[in-house]
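This is the structure I have questions about; it appears just below.
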Amino acid sequence: MNYYCLAKARVRSSHLQFYKCLPLRANRNAVHAAQWLKGAHDLKGLQYAVFGCGNSQWRTFQQFPKFVDERLDALGAERIANFGFGDADGDIEGDFAAYQAVFWVSLQSHFNLGADDKQSAPHPMFTPVPAQQAESVQVEYVDVPAAPLRPTAAHSAMTLVANRELLTPVAIPGLDAAAAKSTRHIEIALPAGSETKYREGDHFEVWPEQSPEDVAAVAAHVGADLDAVFSLKAQQGSSLVLTKLGQTEAAERVRLQDRDALKAFAAIYRRTLDAILAAPGVTLAEVLAATAATIPRRYSIASAFESHPTTVHLCVGVVSDGVCSRFLQRAEVGHVLYGAVKPCRDAFHLPDDATVPLIMVGAGTGLAPFLGFVAARRARGAAAGDAHLFYGCRHPMHDDLYQAELTAAVDEGILTGLHVAYSRDPGSKAKYVQHAIEQAAETVVPQLLEKGARLFVCGSARGMAKDVFKTLASMVAPHVPDQDGEQYLTGLQQAGWYVEDVWG
Ligand SMILES: Cc1cc2nc3c(=O)[nH]c(=O)nc-3n(C[C@H](O)[C@H](O)[C@H](O)COP(=O)(O)OP(=O)(O)OC[C@H]3O[C@@H](n4cnc5c(N)ncnc54)[C@H](O)[C@@H]3O)c2cc1C
């Protein structure tokens, strides 16, 4: 069940509804669903249970799933199992497995089911496939089309024109293996004559290509010809590959809810691809039925249209096993990829009034949009208000991205202050970006409280945005006696003066 039914008001009171809720911002249908739920509807007769998915690093953790749970209750629906939730910052699969045990028992007692009925309740992994659903995708080979295939009409073919490493490989005591990854500066030429425009702070969407090695391995495993073109016809959905894999002994133990076995199993079959290659005798149709369609990934644009009207620049952190970031890492200059400019939320742009002060906060590749901000301020050239950039990385010798460009921006007066926190440099005054903000309290607090500064936060959500918010709240609290610091900042957020663009 996703938000589609709720969004389209397709709630049927004669049915049991199970909502596995993702955060509100993850799904446009969820926004419609929220609007619909706020209305007056009679949901008597509807029975439901809600399991919320999220990450406790988000400040809005479980707000939306709880809202769904409470509104359904308020509208007269009957809650048949208590609200449950999973935390992606911990063991979300484990949370769901634990919730299921409670869920099935609640269902059993609610519907007066016997013990046999309960035992036959399927585990979501390795669900048995009813005979009539056996072919969930039909593969039909067709002639090679004359026009080149493209992922969607909204994404155009564009050429990669620059791709270089930004990290310096130095041995730093205490720096773990994850730090030895890669961060790429990428430039992509916009289609000639397309009149594609972008604003600083906008996103660029990239359609990833799977690695040729992975594609070759799967093709060899299922005996598919890589030059063949086929069309797909979806039948009823089910996961055949996992069912076949489910016939192994390891899967049997997983089915029995053996948590150690589950962990060991997940370590071996980390990706769907691993499961496919381990499953005996799978067909192409089964592989396609078991894999989710590829989706494009978003990246913050790190350039300004005024200075680079024919290209977009990206700053991409390579994720081990990541499909898109590894694609961008290996793509060579001249490679043609599919992409599109996607507008960011209105407030994540430079204010029209150039004299308004700016406070920009980023960690890691969260620096990207601020490179665009700096470039746009330079290009606009007008007398501009103060601009402070707070940036968090690991070590000055390793990942202090675009150090030369940003230092030059300070020298030119485009940036009033550049405050960098180094988490792995014992000599650094600030460890994380919120510490650098704290150290600049005498600048930041008056900018926020008296000078109407706009505050932008960008980066992977792993704690950073939440920590920045908490730090700022405690900094402003003594100066806003009639409300607490968090309330004050929430007011700024509602006014669009404190904007976050975070992911992860
Ligand atoms: C609005 C927005 C802006 C973004 N801007 C940028 C940007 O400017 N630069 C940038 O580098 N990324 C940015 N991202 C993240 C980017 O879209 C991808 O999520 C990221 O590149 C990983 O994609 P992938 O296909 O390589 O990994 P996937 O194939 O999607 O993921 C593979 C595995 O890695 C895990 N994983 C994914 N991301 C991370 C991570 N960061 N750390 C640890 N594990 C991870 C996943 O859980 C999964 O298990 C942005 C995301 C959003 C939503």
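The values are calculated or read from the model by the stated rules, or taken from the named source; none is laboratory data. Note that the structure is a prediction, hence the values are computed from the model and not measured. Glycine gets a Cβ as well: all are built from the backbone with ideal geometry, and neighbour counts include every protein chain shown.
For residues in the range 302-337 being under 16 Å from the mean Cα position of the chain (by Cα) and in a loop (DSSP other than H, G, I, E, B), which is nearest to the ligand (Cβ to nearest atom)?
Gly322
Right, Pro481: in a loop (DSSP other than H, G, I, E, B) and either without any contact (Cβ under 8 Å) to a residue 60 or more places away in the chain or in contact with a strand residue (DSSP E or B) (Cβ under 7 Å, 6 or more places away or on another chain) (or both) or not?
Answer is yes for this residue.
When the residues of the range 392-405 are filtered to those that are among the hydrophobic types (A, V, I, L, M, F, W, C) and in contact with a helix residue (DSSP H, G or I) (Cβ under 7 Å, 6 or more places away or on another chain), which remaining residue is surrounded by the most Cβ atoms within 10 Å (Cβ to Cβ)?
This residue is Cys393.
Within the range 396-416, does at least one residue satisfy the condition of being assigned to a strand (DSSP E or B) and under 28 Å from the mean Cα position of the chain (by Cα)?
The answer is no, given that none of the residues of the range 396-416 is assigned to a strand (DSSP E or B) and under 28 Å from the mean Cα position of the chain (by Cα).
Considering (1) more than 20 Å from the chain's Cα centre (by Cα); (2) in the same structural domain as Leu160 (by TED's automatic domain parsing); (3) aliphatic (A, V, I, L, M), say which one Ala278 fails and leave the rest.
Against the list (1) more than 20 Å from the chain's Cα centre (by Cα); (2) in the same structural domain as Leu160 (by TED's automatic domain parsing); (3) aliphatic (A, V, I, L, M), Ala278 comes up short only on (2).
For the range 411-424, enumerate the residues that are closer than 17 Å to Pro369 by Cα and touching a Gly at 6+ places or on another chain (Cβ under 9 Å).
Across the range 411-424, the qualifying residue is only Val420.
Matching residues to (1) of a type in the set (S, T, N, Q); (2) closer than 27 Å to Asp260 by Cβ; (3) at pLDDT below 90:
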residue	(1), (2), (3)
Lys66	no, no, no
Asp69	no, no, no
Leu72	no, no, no
Gly76	no, no, no
Ile80	no, no, yes
Gly86	no, yes, yes
Gly90	no, yes, yes
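Take the residues in the range 124-182 that are part of a loop (DSSP other than H, G, I, E, B) and among the basic types (Lys, Arg), then tell me which one is modelled with the highest pLDDT.
Looking only at the range 124-182, we keep the residues that are part of a loop (DSSP other than H, G, I, E, B), and these are 124-130, 134-136, 143-155, 166-176, 181-182.
With the extra rule that they be among the basic types (Lys, Arg), the set shrinks to 150, 181.
Details: Arg150: 75, Lys181: 81.
Once the filter is applied, the top-ranked residue is Lys181.
Please go through the range 293-307 and pick out each residue that is within 20 Å of Leu328 (Cβ to Cβ) and either of a type in the set (D, E, K, R) or without any contact (Cβ under 8 Å) to a residue 60 or more places away in the chain (or both).
Result: Ala293, Ile295, Arg297, Arg298.
Any chance you could count how many residues in the range 446-467 are in contact with a Leu (Cβ under 9 Å, 6 or more places away or on another chain) and more than 16 Å from the ligand (Cβ to nearest atom)?
5
Continuing with this model, one more query. If Thr365 passes every condition in (1) surrounded by fewer than 22 Cβ atoms within 10 Å (Cβ to Cβ); (2) out of contact with any helix residue (DSSP H, G or I) (no Cβ under 9 Å at 6 or more places or on another chain); (3) within 26 Å of His203 (Cβ to Cβ) but one, which one does it miss?
Unmet condition: (1).
If I filter the range 155-168 for residues that are under 26 Å from the mean Cα position of the chain (by Cα) and without any contact (Cβ under 8 Å) to a residue 40 or more places away in the chain, do I get at least one hit?
The answer is yes; a qualifying residue exists.
Tell me, please, whether a residue that is away from the ligand (no atom under 13 Å from the Cβ) and of a type outside the set (A, V, I, L, M, F, W, C) can be found in the range 354-372.
yes
Would you check if Ile295 is more than 11 Å from Arg199 (Cα to Cα) and not small (Gly, Ala, Ser)?
yes
May I ask you to list the residues in the range 338-377 that are outside any helix (DSSP H, G or I) and either under 21 Å from Glu165 (Cβ atoms) or among the small types (Gly, Ala, Ser) (or both)?
Listed by number, the residues that qualify are Gly339, Ala340, Ala347, Ala354, Gly362, Ala363.
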